[in-house]
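Down below is the structure, laid out as structure tokens.
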Amino acid sequence: MNYGLGKSLIIIGVFCIIAGILLLVIHKIPFIGRLPGDILIQRKNFTFYFPLATSVLVSCILSLLFWLWSRR
């Protein structure tokens, strides 16, 4: 039996569940997507939004989590 494939599928499934839960509750966090540094350009028939500061914050948090997890 190949147990590596089974473990990989379980990890992917858990990741998908966590991502789904985050997508359901992310709108309830008040500052996500509206941080200073997020770029918002509105014109008459055009809106451009790029969450630069939010992306940097999420990247730093994920980097810290993966660094802590790799130290085990």
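Extension gain for the segment Arg34 to Ile10, taken as residue separation times 0.36 nm less the Cα-Cα distance, is 5.2 nm to one decimal. With helices as the sole contributors, the chain gives -20000 deg cm²/dmol at 222 nm; each DSSP H run of n ≥ 4 counts as -39500 (n - 2.57), and the sum is divided by every residue. Size descriptors for the chain: radius of gyration and Dmax over Cα atoms are 17.6, 62 Å.
Give the residue list of chymotrypsin sites (Phe, Trp or Tyr not before Pro) in the range 1-34 that are DSSP loop and have at most 16 other beta-carbon atoms within 10 angstrom.
Numbers: sites: Tyr3, Phe15, Phe31; in loops: Phe31.
Counting only loop positions with at most 16 other Cβ atoms within 10 Å, the chymotrypsin sites (Phe, Trp or Tyr not before Pro) in the range 1-34 are Phe31.
Report the full-extension gain for the segment Leu64 to Ile17: residue separation times 0.36 nm, less the Cα-Cα distance, to one decimal in nm.
Numbers: separation 47, 0.36 × 47 = 16.92 nm, distance 2.11 nm.
Here the segment from Leu64 to Ile17 would lengthen by 14.8 nm.
Readers should treat all values here as calculations from the given coordinates under stated rules, not as data from a laboratory. Bear in mind that the values here come from a model prediction, so they are computed numbers and not experimental data. Quick reminder, even Gly has a Cβ in these numbers, built from the backbone with ideal geometry, and neighbours come from all protein chains shown.
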